[in-house]
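**Q** The structure that follows is given in the form of structure tokens.
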Amino acid sequence: MIVERLARATMWLAALFTVIFLMTPLLVTVAVSFGSSSVFTLPPPDWSLRWFQKLATTRGLWPSLLTSLQVAAFATAVALALGTLCAIALVRGSFPGREAIATFLVSPLMLPGLVIGIAMLQGFKAVGLRETYSSLLLAHVVITLPYVVRTVFAALSLFDFSLIDAARTLGCSYPAALMRVMVPALGPAFLTSGMFAFLASMDNYPISIFFTDAWTKTLPIQMLQYVEENPDPTIAAISAGLVLLAILALIVGDRLVGLRRMADF
Amino acid sequence: MNGLSRWRDPVALLAVPALVYLVALYALPLLWLLAKSFVGPGGITLAPYADFFADPFNWRVVTNTLSIALWVTAVCLVIGYPASFALARAGAGLQIAMLVAIILPLSIGVVVKAFAWQIVLRRDGVVSQFMMAIGLWDEPQRLLFTETGLVLGAANIFLPFMILPIYSVVKLIDPRLDEAGATLGATPVYRFLRVTLPLTLPGVVSGIAFVFSMSVSMYVIPSLLIGDRFQTLSTLTGRSFLFMRNEQLGSTTAVILLALAVGIVVGSSWLARRLGSTS
């Protein structure tokens, strides 16, 4: 009995600790961003919006945010197109090596980003591509593609393709059947994989660092440079904005597929 | 279908664009990096690796990398294993709180989280205040720029990748198995060791593989939480390319890092398959 009680107590303690441990950095950042102190004092001596006001005049911040948004949007769009086609081939095809191909397509998630970045930097140099912005766009598709392939592949494996035949029997043309049966069924998979791919591209540091120059910087690169040069709560204010964005993404994800399915691994 | 006509499956063509893209922009550059690291001015050579391992400083870098990764993985496992049981068996309220706490940080960038830990680990930070409040510390201490601080910060950032794979196997375990064991007279410890633990091992293996490989290759977290004084393979690789302009050293460490990562992926999937076939 005592052993069982002990095990149960450990379990609930670990659960409590996990929630507090994981939420602490986010809460601390948000608290600091609304404080008046410039040295991260907690609890802040007074509340203020000065760090948010300072964002407007922070040099380099808005261009880097714009660059990150553009790159993430481009990379996600390309990944959704290429990844969906590929997932269809892997689920519907009967050619050999499908499992190996699927593993290869998600492998960028499992290898060190820094090494992938270095390899791409040298590869691009070797073929004469020196333009930073195009390199950044091309590189980020490698970051986003695995997310799309993984999620859409899983969703397609559960999709009953005879529904398309049923729709055609009932008078739909083939493209119309695809649009009215398959696309709505895969909608949640497109949206969640697109969302996670977008966030992964927005957040990427180790690959982006090799494709930046004085004019083209993504948000994480610019932010890390700030933290190293003049650490003040301005970064906390940006972070608070990104936390808000993540909360919105979580709410959207919960509505679309539910929290429990987002935790599927 | 015979061998040749299977290749002519027209659906296969849909996979071609994504495959060509990844082969050209990802696989070939990686292979090229690998190949180049074995080619010296006089042909094929192992000299860069021999030089690298001849330097005691570099051995220090390798042991730093592995020991930090082991610590981070151990901390994540100790917290994550019981926490994933709680997640699977909690009531609706706690389960939602846990899911939010686990999934929300996943959609926030590593720069934001590592910066947050810079604040948390300061001398006047939350950890220091907490340790004083519960009476473990007599005076405030700075954990920032120490190994302990790095392990805490990295374990926090990678914890979800330990909990989620274990949770995904724990939620499939039939609770009646445990009751059956109890009815047959097995002690709780025996039931855990012979029934529950073996069933969760595949999840544990993939959790450990995720956390260990991410800890080995982390770059932003050590840069912000410990600084240049403590080099790992990953920070040394980054520094060689970005600051020292020493591409030779950088390529060597990059290939070692790559070999470690591939070894972990291959080893863990082999282990997971073995565990899957025996249980």
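The values are calculated or read from the model by the stated rules, or taken from the named source; none is laboratory data. Treat the numbers as computed from the prediction; the structure is a model and nothing was measured. Backbone-built Cβ (ideal geometry, glycine too); neighbour counts: all protein chains shown.
**Q** Look through B:Leu143, B:Leu159, B:Leu197 and report the one residue that is more than 17 Å from the chain's Cα centre (by Cα), in a helix (DSSP H, G or I) and among the hydrophobic types (A, V, I, L, M, F, W, C).
**A** Answer to the check: B:Leu197.
**Q** I'd like the full set of residues that are touching a Pro at 6+ places or on another chain (Cβ under 7 Å) and at pLDDT 85 or above, limited to region B:1-40.
**A** B:Tyr26, B:Ser37
**Q** Then there's this: So how many residues does region A:125-144 have that are over 17 Å from the mean Cα position of the chain (by Cα) and free of Cβ contacts under 8 Å to residues at least 40 places away in the same chain?
**A** 8
**Q** Additional query: For region B:242-279, which residues satisfy the criterion of being among the basic types (Lys, Arg) and within 17 Å of A:Gln122 (Cα to Cα)?
**A** B:Arg245
**Q** Taking the condition at pLDDT 90 or above and more than 30 Å from B:Ala90 (Cα to Cα), does B:Gly149 pass?
**A** yes
**Q** Among the listed residues A:Thr216, A:Thr234, A:Thr144, A:Thr212, which satisfies the condition of being surrounded by 14 or more Cβ atoms within 10 Å (Cβ to Cβ), over 30 Å from B:Ser251 (Cβ atoms) and in contact with a Ser or Thr (Cβ under 7 Å, 6 or more places away or on another chain)?
**A** Of the residues listed, the single one that is surrounded by 14 or more Cβ atoms within 10 Å (Cβ to Cβ), over 30 Å from B:Ser251 (Cβ atoms) and in contact with a Ser or Thr (Cβ under 7 Å, 6 or more places away or on another chain) is A:Thr234.
**Q** Residues being over 23 Å from B:Pro198 (Cβ atoms) and among the small types (Gly, Ala, Ser): count how many of those fall in region B:223-279.
**A** 11
**Q** From the list B:Leu164, B:Leu150, B:Leu159, B:Leu106, which residue is within 19 Å of B:Cys76 (Cα to Cα), more than 8 Å from every other protein chain (Cβ to nearest Cβ) and either of a type in the set (Lys, Arg) or surrounded by 21 or more Cβ atoms within 10 Å (Cβ to Cβ) (or both)?
**A** B:Leu150
**Q** Being more than 18 Å from the chain's Cα centre (by Cα) and either free of Cβ contacts under 8 Å to residues at least 12 places away in the same chain or within 11 Å of chain A (Cβ to nearest Cβ) (or both) is the filter here; which residues of region B:225-236 pass it?
**A** Correct list: B:Gly227, B:Asp228, B:Leu236.
**Q** For region A:1-26, what are the residues that are exposed (fewer than 14 other Cβ atoms within 10 Å of the Cβ) and more than 7 Å from chain B (Cβ to nearest Cβ)?
**A** A:Met1, A:Ile2, A:Arg5, A:Leu6, A:Ala9, A:Ile20
**Q** I'd like to verify a number: residues in region A:191-237 that are in contact (Cβ under 8 Å) with a residue 12 or more places away in the chain and not in a helix (DSSP H, G or I), how many?
**A** Qualifying residue count, region A:191-237: 12.
**Q** So which of B:Ser251, B:Ser213, B:Ser240, B:Ser206 ends up being outside any loop (DSSP other than H, G, I, E, B) and closer than 18 Å to B:Trp71 by Cβ?
**A** B:Ser213
**Q** Does A:Leu90 satisfy the criteria of being more than 10 Å from every other protein chain (Cβ to nearest Cβ) and part of a helix (DSSP H, G or I)?
**A** For A:Leu90, the condition - more than 10 Å from every other protein chain (Cβ to nearest Cβ) and part of a helix (DSSP H, G or I) - is not met.
**Q** If you don't mind, there's one more thing I want to ask. Which condition breaks for A:Phe161 when tested against (1) within 14 Å of chain B (Cβ to nearest Cβ); (2) within 23 Å of A:Leu256 (Cα to Cα); (3) surrounded by 14 or more Cβ atoms within 10 Å (Cβ to Cβ)?
**A** The one condition A:Phe161 does not meet is (3).
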